């Protein structure tokens, strides 16, 4: 049986702003097994990146605040660790590829300085400078950058967007983490470069046996890269399933809406959209947060929040339509 190495249980996050309290995460729960590829998909603003910032311990506090829940990494609660303990895990146990490589890399330090720092503070404090440089150059070679020695001495501004993102991937994998979080790693790149980066990432995580969480709004990326998919809406997981099962039998109305929003390349007309928008987190709707946009909403959906329920070993859904309790 696969071992769960990262488990998020009933995570709630709020942000204190001038107007009041934004209740952004509303009981997020899911797990990641060893060597598993998990896709976390949903519209912009649904809480995907906020969830991962909590995992990494980089949620901006204030105004952000974790009000409830726990995050277990190898059965240890990250939320109860000191900053020193968290720093060790952040370097060697969990890493992240950020969405924008320009913002992720410091323009005043060379690529080599930045990768070396990640390696040094990721559990290799006692390694020699020569050994650290050798590992950094090896990581740059792994991501297929030309002339890794020259790249090591280069500044980010001297590299193209695709090269900078490859440097970020090299930094994320250089310490052999157990879990790597990829936060829309191709969004800032051209389409042709996106495909190259995804193929490279696929090959590297297979070689290293790293568990990966792909944060994306693209169902195409999820279908290509993930084993298991969680669909997130307005701060909650509304559906989770094995990839093939989710695409063959989507159940939640929001998942069905995402599927209908895919571009139709067969001449079948313009893709449909989902009416409305993600709710205001300052005054979120009662019950199921999707009910104001749901074409199948019933009275119970407006009054009570559905819990994520196991329909089978490979499919979970948070919707009364599949509980047998929905009354029109």
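Could you check, for the stretch 201-219, whether at least one of its residues is in contact with a helix residue (DSSP H, G or I) (Cβ under 7 Å, 6 or more places away or on another chain), over 22 Å from residue 137 (Cα atoms) and assigned to a helix (DSSP H, G or I)?
Checked against the condition, which is being in contact with a helix residue (DSSP H, G or I) (Cβ under 7 Å, 6 or more places away or on another chain), over 22 Å from residue 137 (Cα atoms) and assigned to a helix (DSSP H, G or I), the stretch 201-219 yields at least one hit.
State whether the residues of the stretch 123-133 include one that is under 20 Å from residue 208 (Cβ atoms), more than 27 Å from the chain's Cα centre (by Cα), loosely packed, with under 13 Cβ neighbours inside 10 Å and not assigned by TED's automatic domain parsing to the domain that holds residue 49.
Within the stretch 123-133, one or more residues are under 20 Å from residue 208 (Cβ atoms), more than 27 Å from the chain's Cα centre (by Cα), loosely packed, with under 13 Cβ neighbours inside 10 Å and not assigned by TED's automatic domain parsing to the domain that holds residue 49.
Please go through the stretch 286-317 and give me each residue that is under 26 Å from the mean Cα position of the chain (by Cα), at negative phi, buried (at least 17 other Cβ atoms within 10 Å of the Cβ) and assigned to a loop (DSSP other than H, G, I, E, B), ordered by number.
Hits for the stretch 286-317 are 288, 289, 290, 294, 306, 308.
Would you check if residue 263 is at pLDDT below 85, part of a loop (DSSP other than H, G, I, E, B), crowded, with 22+ Cβ neighbours inside 10 Å and not assigned by TED's automatic domain parsing to the domain that holds residue 145?
Criteria not met by residue 263.
Can you name the residue in the stretch 54-79 that is out of contact with any strand residue (DSSP E or B) (no Cβ under 8 Å at 6 or more places or on another chain) and not in a strand (DSSP E or B) and is also farthest from residue 289 (Cα to Cα) among such residues?
75
Look at residue 187 and say whether it is in contact with a strand residue (DSSP E or B) (Cβ under 9 Å, 6 or more places away or on another chain) and outside the structural domain of residue 280 (by TED's automatic domain parsing).
yes
What number of residues within the stretch 107-121 satisfy the criterion of being in contact with a helix residue (DSSP H, G or I) (Cβ under 6 Å, 6 or more places away or on another chain) and not in a helix (DSSP H, G or I)?
1
Any residue at all in the stretch 53-76 that is within 30 Å of residue 11 (Cα to Cα), modelled with pLDDT under 90 and outside the structural domain of residue 9 (by TED's automatic domain parsing)?
Checked against the condition, which is being within 30 Å of residue 11 (Cα to Cα), modelled with pLDDT under 90 and outside the structural domain of residue 9 (by TED's automatic domain parsing), the stretch 53-76 yields no hits at all.
Please go through the stretch 227-256 and pick out each residue that is out of contact with any strand residue (DSSP E or B) (no Cβ under 8 Å at 6 or more places or on another chain) and either closer than 10 Å to residue 39 by Cβ or surrounded by fewer than 21 Cβ atoms within 10 Å (Cβ to Cβ) (or both).
244, 247, 248, 256
So for the stretch 51-68 (the condition being surrounded by 14 or more Cβ atoms within 10 Å (Cβ to Cβ), under 30 Å from residue 260 (Cα atoms), in contact (Cβ under 8 Å) with a residue 24 or more places away in the chain and within 14 Å of the chain's Cα centre (by Cα)), does at least one residue qualify?
For the stretch 51-68, residues surrounded by 14 or more Cβ atoms within 10 Å (Cβ to Cβ), under 30 Å from residue 260 (Cα atoms), in contact (Cβ under 8 Å) with a residue 24 or more places away in the chain and within 14 Å of the chain's Cα centre (by Cα): present.
Being touching a strand residue (DSSP E or B) at 6+ places or on another chain (Cβ under 9 Å), within 20 Å of residue 238 (Cβ to Cβ) and touching a residue at least 60 places away in the same chain (Cβ under 8 Å): is that true of residue 34 here?
no
Among the residues of the stretch 77-100, is there at least one that is in contact (Cβ under 8 Å) with a residue 40 or more places away in the chain and not assigned by TED's automatic domain parsing to the domain that holds residue 158?
At the first step, the residues of the stretch 77-100 found to be in contact (Cβ under 8 Å) with a residue 40 or more places away in the chain are 91-100.
Checking which are not assigned by TED's automatic domain parsing to the domain that holds residue 158 leaves us with none.
Checked the stretch 77-100: no residue is in contact (Cβ under 8 Å) with a residue 40 or more places away in the chain and not assigned by TED's automatic domain parsing to the domain that holds residue 158.
Please go through (1) surrounded by fewer than 19 Cβ atoms within 10 Å (Cβ to Cβ); (2) in a loop (DSSP other than H, G, I, E, B); (3) touching a residue at least 24 places away in the same chain (Cβ under 8 Å) for residue 224 and return the number of the only condition it doesn't satisfy.
Checking residue 224 against (1) surrounded by fewer than 19 Cβ atoms within 10 Å (Cβ to Cβ); (2) in a loop (DSSP other than H, G, I, E, B); (3) touching a residue at least 24 places away in the same chain (Cβ under 8 Å), the one that fails is (2).
The values are calculated or read from the model by the stated rules, or taken from the named source; none is laboratory data. Not measured: the values here are computed from a predicted model. With ideal geometry, Cβ positions are generated from the backbone for all residues, glycine too; neighbour counts draw on all protein chains shown.
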